[in-house]
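Step one of this worksheet: look at the structure below.
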Amino acid sequence: TGGSLKDSFLDEGFILDKKIGLGQPKRIENAKILVANTAMDTDKVKIYGARVRVDSMAKVAEIEAAEKQKMREKVQKIIGHGINCFVNRQLIYNFPEELFADAGILAIEHADFEGIERLALVTGGDIASTFDNPESVKLGHCKVIEEIMIGEDRLIHFSGVEMGQACTIVLRGASEHVLDEAERSLHDALCVLSQTVNDTRVLYGGGWPEMVMAKEVDGLARKTPGKKSHAIEAFSRALQSIPTIIADNAGLDSADLISQLRAEHHKEQSTAGIDVISGGVGDMEKLGISESFKAKQAVLMSATEAAEMILRVDEIVTCAPRRREDRM
């Protein structure tokens, strides 16, 4: 939060929403990263829920020392991988963090699972949970790890990652609501992009395809005798509801616009659609408004199938409740 939407930017590399701990290196070059999901919080005896019967406090200290030793051995195994950055999904307690700092290793704790999965993917490493066989663990690599400030937040920036194309989009906004809305819009845009890469066919937008289809379907209804023509007409009306909704959402007079649009589409090779910016009918080709053919096809198919299902279940057969027998 903070800043305006115009301050949003695309950054090369990967940004993890975490802070670098105290006494740890703030910048690492040519990083070798071990991404892990392991418990690093057992250097103290957890009294809650544990029953330990001892005859003196010295014994408790011995148990704590043994736990510490176990943790020291685990940290040594991790350091043995020849790394200079350790990212863990779970908490890292003070003692192991201290050992990492002494070894000059940057330790990042409690990285959320989505973030850590992406980080492993982007840096080309695996998520490890055991450390006995360093040769079988695939480490992640990147050129520079450093702490950056965006607004008032400190974040960790991994640049020059294995997957060279990996980028992070940083959204800025005045409040959480604005950011949520921006994120949803961005998600929609990325989904459209991914679908368009799979199927590159596009159509004009602004209700143009629906009006073209409605015109053709109307023509078919006029040629069809009998009751079928009513169903075909209803399908044509349903198609026209999309441009109507586009106009209503933009706060325009949909009845007036749809009649104008229909008149335009009776001309040959019309590319007219709703231009919500000017609030009238515009040329979709000149305005450059288009949408994915695949998405449009999916909408049409699923809506038709849903309507067919509802028509098939036109009468629900109910069963008369079983009468209670008089048991007296």
If I ask for residues that are touching a residue at least 12 places away in the same chain (Cβ under 8 Å) and open to solvent by 30 Å² or more (accessible area, probe 1.4 Å), which ones from the stretch 113-129 would you list? F113, R118, L121, D126, I127, S129
In this structure, does H110 turn out to be more than 19 Å from K32 (Cβ to Cβ), assigned by the TED database to the domain that holds G21, open to solvent by 10 Å² or more (accessible area, probe 1.4 Å) and in contact (Cβ under 8 Å) with a residue 40 or more places away in the chain? yes
What's the number of the condition V178 fails, among (1) under 28 Å from T244 (Cβ atoms); (2) assigned to a helix (DSSP H, G or I)? (1)
Out of R72, R118, which single residue is out of contact with any helix residue (DSSP H, G or I) (no Cβ under 9 Å at 6 or more places or on another chain) and basic (K, R)? R118
The stretch 191-208, residues that are out of contact with any Gly (no Cβ under 9 Å at 6 or more places or on another chain) and either over 15 Å from E291 (Cβ atoms) or not aliphatic (A, V, I, L, M) (or both): C191, S194, Q195, T196, N198, D199, T200, R201
Matching residues in the stretch 179-196 - criterion: being surrounded by 13 or more Cβ atoms within 10 Å (Cβ to Cβ) and without any contact (Cβ under 8 Å) to a residue 40 or more places away in the chain: E181, E183, L186
Which one of the conditions (1) small (G, A, S); (2) within 30 Å of L179 (Cα to Cα); (3) open to solvent by 50 Å² or more (accessible area, probe 1.4 Å); (4) in the same structural domain as A128 (by the TED database) does G21 fail to meet, given that it meets all the rest? (3)
Here the residues within the stretch 106-115 that are out of contact with any helix residue (DSSP H, G or I) (no Cβ under 8 Å at 6 or more places or on another chain) and part of a loop (DSSP other than H, G, I, E, B) are H110, D112
T42 being modelled with pLDDT of 85 or more and either touching a Cys at 6+ places or on another chain (Cβ under 9 Å) or surrounded by 15 or more Cβ atoms within 10 Å (Cβ to Cβ) (or both): no
Selection over the stretch 73-88 where residues are surrounded by 15 or more Cβ atoms within 10 Å (Cβ to Cβ) and either in contact with a strand residue (DSSP E or B) (Cβ under 7 Å, 6 or more places away or on another chain) or not assigned by the TED database to the domain that holds F158 (or both) yields a count of 8
Are any residues in the stretch 234-291 touching a residue at least 40 places away in the same chain (Cβ under 8 Å), touching a Leu at 6+ places or on another chain (Cβ under 7 Å) and within 24 Å of L220 (Cβ to Cβ), and if so, which ones? A272
Within the stretch 202-223, of all residues that are more than 34 Å from the chain's Cα centre (by Cα) and among the β-branched types (V, I, T), the one most open to solvent (accessible area, probe 1.4 Å) is V212
With the checklist (1) surrounded by fewer than 17 Cβ atoms within 10 Å (Cβ to Cβ); (2) in a helix (DSSP H, G or I) in hand, flag the one item G226 doesn't pass. (2)
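If you go through the stretch 155-178 one residue at a time, how many are out of contact with any Gly (no Cβ under 8 Å at 6 or more places or on another chain) and surrounded by 13 or more Cβ atoms within 10 Å (Cβ to Cβ)?
6
The values are calculated or read from the model by the stated rules, or taken from the named source; none is laboratory data. On a predicted model such as this, the values are computed, not experimentally measured, just so you know. Glycine also receives a Cβ, built like all others from the backbone with ideal geometry; neighbour counts cover every protein chain displayed. The protein model used for the area step is the full one, side chains on, heavy atoms only, and it has no ligands, DNA or RNA in it. Shrake-Rupley method; radii C 1.70, N 1.55, O 1.52, S 1.80 Å.
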